[in-house]
Amino acid sequence: MTIPIAERMTRIGTETAFAVSQEAGILARQGKKIYPFHLGDMNILTPANVMEAAIEAMKKGKTGYCPTAGIPELREAVAKDVGASHHLPLTAENVSIQPGGKPTIGKFIMAAMNPGDKVLYPNPGYPIYESQIEFHGGAGLPYGYKEGRSGFILDMEAIRKGLMAGVKILIYNNYQNPTGASSPKEEMEELARLAVENDLFVLADEAYFDIRYGGEPLSIVSFPGMADRTVILYTFSKKFAMTGWRLGAAIGPARFIENISKINVNDESCSNHFIQYGALAGLQGSSDGPDFIMATLKERRDVLVELLNSIPGIRCFQPEATFYVFPNVTAAMRRKGVPDVEEFRKLCLEETGVSFCTRRHFGRPLPGETEQYVRFAYSGIDVSQIKEGMAKLAAFLK
Ligand SMILES: Cc1ncc(COP(=O)(O)O)c(C=O)c1O
């Protein structure tokens, strides 16, 4: 007998970047030297005081269940941290601690979207938006990014079209994965204005809010009329190099956050108890914390962008945030006579060991897209390996 699988499972997506990781893993086991630019994971250690505080909490018996929305001290600390950076009067009531940043996406959609509702989401973008929208019976309307003068900019035309089609929810990821885009103030202001005018509910995915190399931090939630209609996805994963710890938060209007916490009770009861004390120590400051992490990432970004731009046929912006770059490789593909970007990726991997994702790992290409892009993550590879990998890629693409 074949056990029937529920119909909704035909609508759930995945992160195909993990498939690239597997492919690279197979080659590595066969003895091939791999330069891992495919996954947004980190090879930087979690700050020592975060680890010590978590171990101490364990020893003190913080090994049982804790409140479903998180320990009050951490909720308050997150409210204070995000309240200060976003100029908002946040309190613990506005914060629901989550096992990672990712759970906020599905829980937001479950709590905000009815089946059939239209949702604007970025494409190229983090693939979990589309997966969760479709899984829960919504209708996703993708909007893209275009090359501007110094970075990627929102395709406002696509957003306006979506609004005319009766969109209820907007998912907005600034600072953006995979393009590395940072919205200039005017762009964000316009988006906020449209959200208020069209009475949208907004998920602001701010997984990379603290991964900035310059400029003033900007959040859509800080614009007039936005605080009551926006939920922020917050995560400890990147800021404190804690990807495997699984800790984050949903931050927003108290009434909505209460509902998110009801889903916590149903899904996981509470987030891991003792690691919340580790995160609390991180927020109180560490010598090898965010400043050290950002200095490490910045050096990698500078080296990678310069080397990519020195390769004929590759054009790459230098993003002000995130740990991704999204170079245009259309000319390099043409030079090699490879018309398909996935084929190009596989060829580069096999011939040079340089492993990266392509635009296709971040959503189905949109009508009218002609340029080809790939994504390099530099969070899990040291400068010496970046240089070695880029030398091999340059030699291959010459
Ligand atoms: C845009 C974006 N949102 C959310 C997440 C999820 O973060 P976490 O690992 O904390 O669940 C990621 C992770 O890479 C991401 O890139």
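Only the coordinates and a few stated rules stand behind these numbers; no lab work does. Computed from a predicted structure; not experimentally measured. Note: ideal-geometry Cβ built from the backbone for every residue, glycine included; neighbour counts use all protein chains shown.
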Original post:
When the dipole is taken about the Cα centre of region 64-283, and only Lys, Arg (+1) and Asp, Glu (-1) are charged at their Cβ, what size is it in debye, to the nearest 20?
Top reply: 200
Subject >> 24 Å Cα-Cα threshold exceeded, pairs from Lys80/Lys298; Lys298/Lys392; Lys239/Lys392 >> reply: Lys80/Lys298; Lys239/Lys392
**OP:** Just rank Lys392, Lys107, Lys59, Lys239, fewest to most, by other beta-carbon atoms within 10 angstrom.
**Re:** Lys59, Lys392, Lys239, Lys107
Subject >> Peptides ranked, highest mean first, by Cβ atoms within 10 Å: ranges 11-17, 67-73 >> reply: 67-73, 11-17
**OP:** Please list 338-347, 43-52, 324-333 highest first by mean number of surrounding beta-carbon atoms within 10 Å per residue.
**Re:** 324-333, 43-52, 338-347
Original post:
From largest to smallest, what semi-axes in whole angstrom does the chain give when each is the square root of 5 times an eigenvalue of its alpha carbon gyration tensor?
Top reply: 33, 26, 21
Subject >> Mean residue ellipticity (222 nm) of the chain, computed from DSSP H runs ≥ 4 via -39,500 (n - 2.57), nearest 500 >> reply: -12500 deg cm²/dmol
Original post:
Which of the DSSP-defined H helices in the chain satisfy a minimum axial length of 24 Å, computed from C-alpha atoms, and a minimum mean Kyte-Doolittle hydropathy of -1.0?
Top reply: 290-309
Subject >> Residue among Leu200, Pro67, Ser85 farthest towards the positive dipole end of region 64-283, charges placed on Cβ >> reply: Pro67
Subject >> Unit charges on C-beta of K, R, D, E only; dipole of region 49-140, Debye >> reply: 180
Original post:
In which sequence would Glu258, Glu23 go, from the one with the fewest C-beta neighbours within 10 Å to the one with the most?
Top reply: Glu258, Glu23
**OP:** Just the Kirkwood number for region 320-398, please: inverse of mean 1/r across all distinct Cα pairs, in Å, one decimal.
**Re:** 13.3
**OP:** May I ask for the Kirkwood hydrodynamic radius of region 14-102, worked out over all distinct Cα pairs and given in angstroms to one decimal?
**Re:** 16.9
Subject >> Stretchable slack from Asp340 to Lys387, in nm (0.36 nm times residue separation minus alpha-carbon distance) >> reply: 14.3 nm
**OP:** Just order 174-184, 365-375, 206-216 by mean Cβ neighbour count inside 10 Å, highest at the front, would you?
**Re:** 174-184, 206-216, 365-375
Subject >> Sequence of Asp291, Asp81 once ranked by neighbouring C-beta atoms within 10 Å, starting from the fewest >> reply: Asp291, Asp81
Subject >> region 264-332 versus region 376-398: alpha-carbon centroid distance in Å >> reply: 17
Original post:
Cα centroids of region 168-185 and region 103-157: how far apart, whole angstrom?
Top reply: 10
